[in-house]
Amino acid sequence: MALVKAGLVVLDCAEPEKLAGFYKELLEAEETHESANRVEILGAGGTRLAFRRDMNATPPSWPRPENSLQVHLDFVVEDLDEAERRIVGLGGRPLETKDASGPHEERGYADPAGHSFTLRCVPPTAPKQG
């Protein structure tokens, strides 16, 4: 029997309710727990995240080296452009803007509190022919 039953990523931020709202919309998630200093969500695809209040939290500075990567999330999508429009509409922002033209396999973003995350494109698999 496993000692650890489940795990989740916890992001420190000044406003956990606000940041949870961003990820609830992005991941089509439901809130599973809320207290004065913590909100937990479960995404439609099974992603579990929590947001903990830390009034001294500072946004990561990635890709600059000072206060760089504290945590990094990867999400799989089928349409990078559609996902980007949704992220920007929810208050997130692109991080990597080099050579922004054309399709990319992955793109970097920051949530409203400054945490970085990556969207990876997984193209739908075409059925075998013949």
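Read-outs throughout are calculated quantities, based only on the coordinates presented, and are distinct from any laboratory measurement. This is a predicted model, so every value here is computed, not measured. Here the Cβ positions follow ideal geometry from the backbone for every residue, glycine too, while neighbour counts run over all protein chains shown.
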Inset, instruction - Return the long-range amide H neighbours of residue 76 (sequence gap of 5 or more, or a different chain), with a cut-off of under 5 Å between placed amide H atoms. - result: 120
Inset, instruction - Quickly work out the residue 32-to-residue 120 label distance, labels modelled 7 Å from Cα along the C-beta direction, and quote it in nm with one decimal. - result: 2.2
Legend entry - Charge context of residue 121, other residues only, Cβ under 9 angstrom, K/R +1, D/E -1: -2
Legend entry - Label-point separation in nm, residue 8 to residue 80, each point 7 Å along Cα→Cβ: 3.0
